[in-house]
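Worksheet: the structure to be examined is printed underneath.
Coordinate-derived values only; no laboratory data. Nothing here was measured: the structure is a model prediction, and the numbers come from that model. Please note: Cβ atoms are built from the backbone with ideal geometry, for glycine as well, and neighbour counts cover all protein chains shown.
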Amino acid sequence: MPATQEDLMRFLDGLGIAVTTVSHPPLFTVGQSQALRGEIPGGHTKNLFLKDKKDQVFLLVAGEDAHIDLKHLHHRIGASGRLSFGKPELLQELLGVAPGAVTAFGLINDVPPRVQVVLDAALMQEEIVNCHPLVNTATTSIASAGLLAFIRATGHEPRIVPLDDDAPAPEL
């Protein structure tokens with residue numbers, strides 16, 4: 001059974017990572033989030049759950065305004081061929097969330113780790129990053145360093161890569 005929002009909060013507390021969470025009506029898109037979130041400071045995320053032709057699975061966590069070209073993204077993140085969106089069943093199986101609630105916090109459910117985590121370099125420059133806490137009816141604010149600590153505590157080693165199309169691609 002996937003972790004709940006309460007399980008997530010206990011896990012973060014056990015790591016000594018402070019967060020704040022604001023409840024709100026369900027949000028399914030970045031546009032809905034922008035219209036409803038009010039004055040929650042920090043970087044706000046969009047999350048892409050993707051797989052490549054060799055069935056490697058990726059979770060991309062980028063700033064909500066990042067322009068990401070899926071046709072060329074595989075070069076940027078080292079995937080095998082073009083990427084496609086992972087099916088909802090795979091998302092539920094690996095991250096324990098439904099479409100519309102994709103979040104870096106879903107990595108708590110990826111045991112043993114299968115998902116490759118790619119964080120947007122620009123987003124990680126933010127002092128605070130905002131993510132859904134396994135549900136799309138709340139937003140949790142966490143320090144970017146706390147987010148990195150959380151991800152590593154789940155057994156994942158995140159890669160930090162410029163994901164925005166306007167950013168230069170890293171040398172692989």
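What is the extension gain from Leu15 to Thr137, computed as 0.36 nm multiplied by their sequence separation minus the C-alpha to C-alpha distance, in nm to one decimal? Don't skip to the end; give the middle numbers.
Details: separation 122, 0.36 × 122 = 43.92 nm, distance 2.37 nm.
Full-extension gain reported as 41.5 nm.
Just need the Rg to Rh number for the chain, please, alpha carbons only, Kirkwood Rh. It would help to have the intermediate numbers written out before the result.
Values: Rg = 14.9 Å, Rh = 16.0 Å.
Looking at the chain, the ratio lands at 0.93.
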For the pair Glu6 and Lys54, how long in nm is the line joining their label points, each one 7 Å along Cα→Cβ? 4.2 nm
To the nearest 10 degrees, how steeply does helix 5-14 sit against the main Cα axis of the chain, on a 0 to 90 scale? 90 degrees
Highest GNM mean-square fluctuation, the chain, Cα pairs closer than 10 Å: which of Thr45, Thr139, Thr20? Thr20
Most fluctuating residue of Glu39, Glu64, Glu127 in a GNM of the chain with Cα springs under 10 Å: which is it? Glu39
Kirkwood Rh, Cα atoms: Rg over Rh of the range 80-149: 0.97
